[in-house]
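Scroll down for the structure; my scribbles are underneath it.
The values are calculated or read from the model by the stated rules, or taken from the named source; none is laboratory data. None of the values given here were measured: they were computed from a predicted structure. Cβ sites come from the backbone with ideal geometry, for glycine too, and all protein chains shown count toward neighbours.
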Amino acid sequence: MWKSVLTATALIAASACAASAQADYASPRATPIAYESDAVECMVRRVPTLHGVRLEALARGDRDAYGDYEFVVTKDGAGGSSDIVQEGAFDLSAGEQMLGEAEFSMERRDAYRARLVLRDGRGVVCRDEVRS
């Protein structure tokens, strides 16, 4: 009988953990993001350089689209941490547009993270993120 009680208790606890894990997974999408468009693509492209890397923020669209972008690059290393923030307007009526770029040297233990977000009047249109 104790095995049955312990088994039932374990199943109830596992169900509660699974339910809370599902709720936590769904909560980030509950933030007020209006939509993400399939017609607009964005990417952070990595281009190796002689002593480091150049990161390029690009956007392309199958339809006319305009709004604002934010390109944030964070680099961490032995010398500390630094942030590069570029923001402004984008207009994809011409097809593809380079929105910004950042180039920096990389030492052995340095790391970076770059995030590009495009927004229009209805919300987030596109996002991309890369890490070293």
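Would you confirm whether any residue within the range 91-105 is more than 17 Å from Val44 (Cβ to Cβ), in contact with a Phe, Trp or Tyr (Cβ under 7 Å, 6 or more places away or on another chain) and of a type outside the set (S, T, N, Q)?
yes
Cβ-Cβ below 8 Å, separation at least six or inter-chain, first residue in the range 79-96 and under 15 Å from Arg113 (Cβ atoms) and not assigned by TED's automatic domain parsing to the domain that holds Tyr66, second modelled with pLDDT under 90 and exposed (fewer than 10 other Cβ atoms within 10 Å of the Cβ): which pairs?
That search, which allows pairs on different chains as well, returns nothing.
What is the number of the single condition among (1) part of a loop (DSSP other than H, G, I, E, B); (2) at pLDDT 85 or above that Val47 does not meet?
Val47 satisfies all of (1) part of a loop (DSSP other than H, G, I, E, B); (2) at pLDDT 85 or above except (1).
Looking at the range 55-85 only, could you name the residues that are among the hydroxyl-bearing types (Ser, Thr, Tyr) and within 17 Å of Met98 (Cβ to Cβ)?
The initial filter retains those residues of the range 55-85 that are among the hydroxyl-bearing types (Ser, Thr, Tyr), namely 66, 69, 74, 81-82.
Of everything in the range 55-85, those that are among the hydroxyl-bearing types (Ser, Thr, Tyr) and within 17 Å of Met98 (Cβ to Cβ) turn out to be Tyr66, Tyr69.
Which pairs turn up if I take residues in the range 98-114 that are under 12 Å from Lys75 (Cβ atoms) and look for partners that are part of a loop (DSSP other than H, G, I, E, B) with beta carbon separation below 6 Å, at least 6 apart in sequence or on another chain?
Hits for this filter: Ser105/His51; Ala111/Ser132; Tyr112/Ser132.
Kindly provide the set of residues from the range 90-108 that are over 20 Å from the mean Cα position of the chain (by Cα), within 18 Å of Thr49 (Cβ to Cβ) and in a strand (DSSP E or B), ordered by number.
Phe104, Ser105
What are the residues in the range 50-89 that are out of contact with any Leu (no Cβ under 8 Å at 6 or more places or on another chain), modelled with pLDDT of 90 or more, in a strand (DSSP E or B) and loosely packed, with under 14 Cβ neighbours inside 10 Å, if any?
Matches in the range 50-89: Arg54, Ser81, Ser82, Asp83, Val85, Glu87, Ala89.
Test Tyr35 against the stated conditions and say whether it is modelled with pLDDT under 50 and surrounded by fewer than 10 Cβ atoms within 10 Å (Cβ to Cβ). Let's see the steps before the verdict.
Details: modelled with pLDDT under 50: yes; surrounded by fewer than 10 Cβ atoms within 10 Å (Cβ to Cβ): no.
It is false that Tyr35 is modelled with pLDDT under 50 and surrounded by fewer than 10 Cβ atoms within 10 Å (Cβ to Cβ).
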